Amino acid sequence: VQLQASGGGLMQAGGSLKLSCTASGIIFRIYNVAWYRQAPGKERELVAAFSLSGTTNYADSVNGRFTISRDNVKNAVYLQMSSLKPEDTAVYYCKAVAALTTDEYWGQGTQVTVSS
């Protein structure tokens, strides 16, 4: 099983980035998926989640700026980030959790750095 995250980089405040996470080795369509982030010296936090029922949830700090989406044909989950702020600087991780067994898998993380 592998989750491969990509799309991070250096961006100025106010800019946009789109993160991608592609899964292999799992039946992606039966997994709930989410993006987390971890800033230096802070705990990992949930950024956005996309459930099997189609429900999306966002952290208050990103609501209205970030959009999570998934493509079950491409086995991928995406995070479109807009109006980026310096406080969005973190390593972003994708996560997949099986709906029936609660097996979970993490991607390797992709660095997002937002300069002021």
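Structure summary
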{"read-out": "GNM top mover of 77, 47, 91 - the chain, alpha-carbon springs below 10 Å", "value": "91"}
{"read-out": "Relative contact order [Cα under 8 Å, 6+ residues apart], the chain, whole percent", "value": "36 percent"}
{"read-out": "Calculated diffusion of region 31-85, Stokes-Einstein form, Kirkwood radius summed over Cα pairs, 4 °C and 1.567 mPa s, µm²/s", "value": "109 µm²/s"}
{"read-out": "log₁₀ of I(q)/I(0) at q = 0.20, 0.21, 0.22 Å⁻¹ - region 40-116, Debye sum with one point per alpha carbon", "value": "-1.01, -1.11, -1.20"}
{"read-out": "Percent accessible area from carbon and sulfur atoms, the chain, protein chains only, probe 1.4 Å", "value": "49 percent"}
{"read-out": "Per residue accessible area of the chain, 1.4 Å probe, in Å²", "value": "53 Å²"}
{"read-out": "Dipole magnitude of the chain about its Cα centre (Cβ charges: Lys, Arg +1; Asp, Glu -1), debye to nearest 20", "value": "220 debye"}
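The values are calculated or read from the model by the stated rules, or taken from the named source; none is laboratory data. What you are looking at is a predicted structure, and each value in this text was computed from that prediction instead of being measured. With ideal geometry, Cβ positions are generated from the backbone for all residues, glycine too; neighbour counts draw on all protein chains shown. Just the protein is used for accessible areas: all its heavy atoms, side chains included, with ligands, DNA and RNA removed. Shrake-Rupley method; radii C 1.70, N 1.55, O 1.52, S 1.80 Å.
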